[in-house]
Every structure is written in structure tokens, then in C-alpha cells.
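Just so it is clear, none of the values below were taken in a lab; they were calculated from the coordinates. None of these values were measured; they are calculated from a predicted model. For neighbour counting, all protein chains shown are included, and Cβ atoms are generated from backbone atoms with ideal geometry for every residue, glycine included.
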Amino acid sequence: MKKYLWYVLILVLFLLVACNGGEQDDTTNAENQDQANAGETTIRVAWWGNQERHDMTLEAIELFEVAYPDISVQPEYTGWDGYWERLNTQAAGSNLPDVIAMDNSYLNEYNSNDLLVDLAPLIDNGTINLEDVDDVYQEINHDGDRVLAVASGANALALVYNVEMLEEHGFDLEPGFSYDDLFEMNLAIKEALEAEGEEYFGYDFANAEYELLNNYVRQHGMSFYNAEGNGLGFEEAVLVDYFEWVQEMVVDGAAPSHDIMMSYIEGGNSMVQEGSSAMQTAASNQIIGIAQGTEYELDLAVLPAWDGQHANYIRPSMSFSITEHSAQQEAAAKFIDFMTNDLEANEVLQAERGVPISSAVREHLSDKVSEPVQKTFDYLEVVADYTTDADPLSPPGETEVRGAFSRIIESLKYDQLTPEEAASQFIQQAENVLN
């Protein structure tokens, strides 16, 4: 009998443990299921930039994951050069991230290889809300009716200049100054400062001669590339004139030699920051980084006019695209919408990628950004009066054309080529790439 009672006791204890264990397992399973649900959709998001941009973006991603607890984001970020190398490798392996930061110089290349999703349906159904976005901020991202990307910020080519230095020497950069004016004022400042024993390098092209040429040919009523994308869209005489101006600027001392310019760029330094230049070419949002490294007051000016003509345009500083490799396109679209429209996220991002394209976001940030950032907002308002319609997207091969231009402009600035020789060589090399 005692033996029977012992077996009964063991059975009861076993059942109690089993019941308690079952409740614990159910709780654990429920918690695991909740965790799985919390991250049931994962999207990969890639961008390039410096550490400040990375930190801001990661903080904004945390806000996105709070707003969309069923979507988790796997960030992939690096510097500019490594970014495109990695994307090329991922594209070859059909493994591109869901969302990629895109530069306009690469947009048509990726589009021509069928790597980008048409965002128009996602905009039309409201997943990406562009109701507060003016067309000027988005038109360059279109390929006919297809929308290839949504701008994550906007800028325009500009001159960043030292306000005090120009005032001290009696110059200003009110809209309408010419290329010759730029030459003459830099020579005058150079002469005055060197007479006082100070160093002055002149106008810093900042390795943006290609971008300035784009503006120059537009001022002549032409475009850099033809409508078909299989050739250049400007006359050789226009290029010769531009090369003459660049060479004169450098050879006569109104701009620094190529090696001095590159030494500053490669060292991460700025002549404008240190006061050895009064002005430089820049994308308008670059004033933010330049201003952080100087005590000088800086501002933005429109580009020089040619024969009274202006031809700048407002452009995406960078954009977000969804790739054809994405299996989570709706979640990816929600991410783009969030980065475009969420007020708290944009407080974190601080317009570092350029002026926000949403008017509601710009208005919200107007009293929440630093003075240099506010100047980028103001500049886009000003430059809108000195713009013409943007050219179509650059054709595939644009990066090779740019490489050829860089090699030739370097030889030109070292006085190793005449403007006529440089123009002839560039046109031949560019046409070989594009045809």
C-alpha cells in the first residue's frame, strides 16, 4: 500500500512540474513570437557619408523602428569611394540592399541596368507622400513617367565666400558678377594681401571644374549631353572658351595651382576656412561643414553670369531609391516616406543631406537649425530666381567622361595643353565613351 501511495505521489509531482513547465514554455514562446513579430520584416538601407551623417541616420532609424515596430532596418554605410565599389559587387551578385542612397551621376546607369524600382505607384497610392514637395525638388529623378528616386535633400551649386574678406577689399558677390569679375577681384585681393606679407591662393575651384562647365554650357543655351545621351550637347568653341578662363585663372595666380588645390582636398582642409582664399565652388550644403572649421563669417552666392545669363538649377544633393532586388518594397517605401516627412526624424538629421524637399519639414526646422544650415535654406530661395530647367539625367558612362575630364583639366592647369588641345582631346575621349 505504501508502495502504491509512493507511486501516486510521484505521479502528482510529475504532473505539477509538467503543468508549471508548460506554462513557462508558453510564456517563453509568446515572448519569442513577439520578438519575431517585432522584426518580422527586415530591410537593408545603404548610404555613404562621414561619421556625423552615419550617427544622425542611425538615430533617425531608431525613430523609424519605433514608428514601425514590425520593420527592422539593417544599416550599411561607408565613405563615398567604398560605397560605389560595394554596390557594384552587390549588384553583380543580385544582392543590393532594399534602399540605396543614390547620386544623380549614377542614377541613369543603375536605371539602364534595370536595378531600380519605379516609385510612381508607391507615390500614387500614398505610401510615399510627396504632397508637400514642389516639382523642382523631384523633376530630375524622373525618367519619363517613371520615378527612379526621392530626393533626401536638395542643393544647388554655389560659391561659399568669406564675408569679411570681401567687404574689407571692397567687393561683393551680388548676382550678375561675371567670370572676368571673379578673375579680377581675386587678383586684386592677392596683390593686397601679399603686399602685407600674407598668403593668398585665389579662387578655389575645389575640384569642381566639371560642375562649373556644366553651368557654363547651360548659360550658352546648350546642355552637357545631347538628348539621346550618346554624345556631348555643346559646341567645341564653348569648351575652348571655358578652358581659356580656367587656365588664365591658374597661370596668372587668380586661382591656386592644381597640386595646391588637391593637397587641401586630400588633407580634408579648406582654403576658405583658413583665410587663404576668399571663395570656393561648392554644393550649397557644403557650407555647413566648412563653417564648422572657421571663425570667419561665411555665406553663399550664385554662380558668375555669362553675358548676363544664369543657368543654375536646384538638384537633389542625394536621393533614395528602391532596388529591384528588394523583396520588401512596401516597407522600403515606408522608410523613404518617413525620412522625407517625419518632423522628429528631420530634427535629428538637421538638413545635413541638403535642404529638406518637404515644405512642411522646412517650415518646422526654420527655427531649429544652425545659422549655416539656415543659409542653405535661404540660398535655395534666392537661386530659384537664377535657374533654368534641369537637364535630363546624365547617360550611362558619365563617370568615365568625368574621369577623362579630370585628367585633361589637370594637364591644362599645369599649362601642358593649350585650351584648343584640351578641348579636342576631351571631346574625342567623351564621344568614344558615349558612342
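Here are the numbers for the structure shown:
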quantity: Shape of the range 218-334, Cα gyration tensor, a/c cut at 1.5; calculated: oblate
quantity: Equivalent ellipsoid dimensions for the range 191-280 as semi-axes, Å, which come from the Cα gyration tensor, largest first; calculated: 31, 15, 10
quantity: Correct choice for Rg and Dmax of the Cα atoms in Å that was computed from the model, options (i) 27.8, 118; (ii) 22.5, 71; (iii) 20.1, 68; calculated: (i)
quantity: Unit charges at the beta carbon, dipole of the chain: most positive-side option, LEU148, HIS54, SER326; calculated: SER326
quantity: Residue of ALA351, ALA254, ALA120 that the Gaussian network model of the chain assigns the largest fluctuation, springs spanning Cα pairs under 10 Å; calculated: ALA120
quantity: Anisotropy class of the range 345-435 from Cα gyration tensor, a/c 1.5 cut; calculated: prolate
quantity: Given charges at beta-carbon only (K, R positive; D, E negative), |dipole| of the chain in Debye; calculated: 2200 debye
quantity: Interchain or long-range residues, amide H under 5 Å from GLY229's placed H; calculated: none
quantity: GNM result for the chain, Cα springs below 10 Å: residue of GLU194, GLU347, GLU244 fluctuating most strongly; calculated: GLU194
quantity: Sequence-separation-based contact order of the chain, relative, with Cα cut under 8 Å and 6+ spacing, percent; calculated: 26 percent
quantity: Top of ARG146, ARG362, ARG218 by mean-square fluctuation, Gaussian network on the chain, Cα under 10 Å; calculated: ARG146
quantity: Contact order relative to length of the range 63-156, as percent, for alpha carbon pairs under 8 angstrom and 6 or more apart; calculated: 20 percent
